[in-house]
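One structure below.
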Amino acid sequence: MQYGAGANDSVPVADPLLSDVSLVTAARGGDMRAFERLYRTHSGKVMGLCLRMTRRRDVAEDCVQQTFIRAWRSLQAFEGRSAFGTWLHRIAVNEVLSHGRNHGTRSESNEDAIEDAIASPGDSDKEHDAGEVMDLERALRTLPEGARHVVVLQAVYGYSHEECADMLGIAVGTCKAQLHRGRKLLRERMGLAAEADDE
Amino acid sequence: MSNQDNDPLSQMLASLPKDVQPERDLWQGIQAEIGKTPVVTDTAPVVHFSSTRWFQIAAGVLLVLATSFTTFVITRNSVEKDAAVQIARAQQQAPVPTATAPLNAMPASFGTEALGADYLKARSELDQRFAERMKTLPPSTRAKLERNLADLRHAANEISATLAENPSDPLLQDLLMSTYQRELQLLADVSEMPASHPVRTDL
């Protein structure tokens with residue numbers, strides 16, 4: 001894995017390759033530079049997840065910051081059963097949910113945040129043009145919170161029903177129902193034909 | 001393959017950019033916060049072995065390690081520099097390719113093979129003692145220690161191989177030394193542990 005490719009790079013882009021496992025081992029010994037490498041590698045994805053879940057850049061950035069602080073404090077608890085990135089995402093989802101509980105979740109969407117982010121080159125599939133991507137992001141933002149969280153985790157970030165339910169602290173059945181609802185609403189709002197699965 | 005795999009909506013959702021970069025440098029705030037927090041370790045007390053035989057062996061091994069490592073880095077840098085100069089000269093003076101200093105004469109990585117017989121002997125002694133002591137520990141402690149040791153050795157091997165390709169990277173140099181150091185400390189801690197004494201497993 002190439003690290004050092006994130007934003008805010010004070011680390012040179014041409015850094016040598018080291019796996020997350022080795023960097024985590026070093027960070028567990030207290031090496032903050034190794035942890036910074038992990039931050040540079042993973043912060044973009046954690047930010048993407050938090051931004052789509054919270055819809056606000058400032059809140060998402062706070063959640064990202066808290067995620068990495070919490071991860072540092074819990075490094076000894078990371079047993080490597082899942083990938084380090086997955087473990088971080090679990091912490092991030094907790095941060096988002098906890099922020100929602102403490103501050104309410106009815107905060108206004110930061111309309112430009114996601115669109116600005118998408119305007120910069122990302123790993124978006126070239127099959128879909130920027131307009132379509134923008135429409136989809138807009139539609140995603142309008143989903144009710146429960147459905148949005150599930151759609152983001154499952155359909156965008158590729159987590160299974162079980163992982164998603166576990167992260168969100170809901171039943172698998174609820175998760176499936178929210179995904180179904182979210183996909184149906186997305187189709188309606190984007191003017192797409194209904195699929196058999198959505199009926 | 002589920003129906004959703006072929007569904008355009010699913011494909012569009014899956015192809016949305018995953019990475020979104022924060023606008024401000026969050027690392028500064030994270031660093032400031034975690035700087036106040038020492039790495040949380042297990043609560044089991046550290047075995048104080050500073051005056052014991054196993055500590056002396058570990059300290060001796062570390063000394064050999066540090067010396068060999070410094071020699072490795074300096075020699076490797078100098079060989080690479082010589083090679084670069086020779087290549088530059090050859091390119092300037094003659095179109096015929098000339099032999100350069102043999103980079104492959106150096107060890108491919110800073111692994112145990114680069115450390116010499118003294119290191120290997122001392123480490124093997126520690127290893128042996130560690131293995132004997134491990135047999136007397138409860139399975140859960142043993143499993144944790146074995147996992148931690150395996151993590152440290154995996155990291156050391158990987159850092160060592162990466163360092164061989166980037167010998168002047170100061171972070172890799174530090175990481176390798178500290179990883180070897182933690183491995184030795186773990187071996188020495190367990191070796192010296194009294195039969196009923198808990199041991200740190202987080203090193």
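Here is the figure for the range B:151-181: residues that are at the interface with another protein chain (Cβ under 10 Å from one of its Cβ atoms) and either closer than 15 Å to B:Asp127 by Cβ or touching a Cys at 6+ places or on another chain (Cβ under 9 Å) (or both) total 3.
Give the residues of the range A:67-84 that are within 28 Å of B:Ser15 (Cβ to Cβ), part of a helix (DSSP H, G or I) and free of Cβ contacts under 8 Å to residues at least 12 places away in the same chain, sorted by residue number. Across the range A:67-84, there are no qualifying residues. Just one of the listed residues (B:Glu146, B:Glu192) is more than 30 Å from A:Arg37 (Cα to Cα) and among the acidic types (Asp, Glu), namely B:Glu192. Among the residues of the range B:164-178, those identified as more than 16 Å from A:Val21 (Cα to Cα) and in contact (Cβ under 8 Å) with a residue 12 or more places away in the chain are B:Ala164, B:Pro167, B:Ser168, B:Gln173, B:Met177. When the range A:13-66 is filtered for residues that are farther than 15 Å from A:Gly100 by Cβ, outside any helix (DSSP H, G or I) and either touching a residue at least 60 places away in the same chain (Cβ under 8 Å) or at the interface with chain B (Cβ under 7 Å from one of its Cβ atoms) (or both), the ones remaining, listed by number, are A:Pro16, A:Leu17, A:Leu18, A:Ser19, A:Gly29, A:Gly30, A:Asp31.
Taking the numbered list (1) part of a helix (DSSP H, G or I); (2) over 12 Å from A:Leu18 (Cα atoms) in turn, B:His154 passes all entries but (2).
Checked against (1) at pLDDT below 90; (2) in contact with a Gly (Cβ under 8 Å, 6 or more places away or on another chain); (3) facing chain A (nearest Cβ under 10 Å), B:Ala122 passes all but condition (3).
The values are calculated or read from the model by the stated rules, or taken from the named source; none is laboratory data. Note that the structure is predicted; figures quoted are calculated from it, not measured. Positions of Cβ are backbone-derived with ideal geometry, glycine not excepted, and every protein chain shown enters the neighbour counts.
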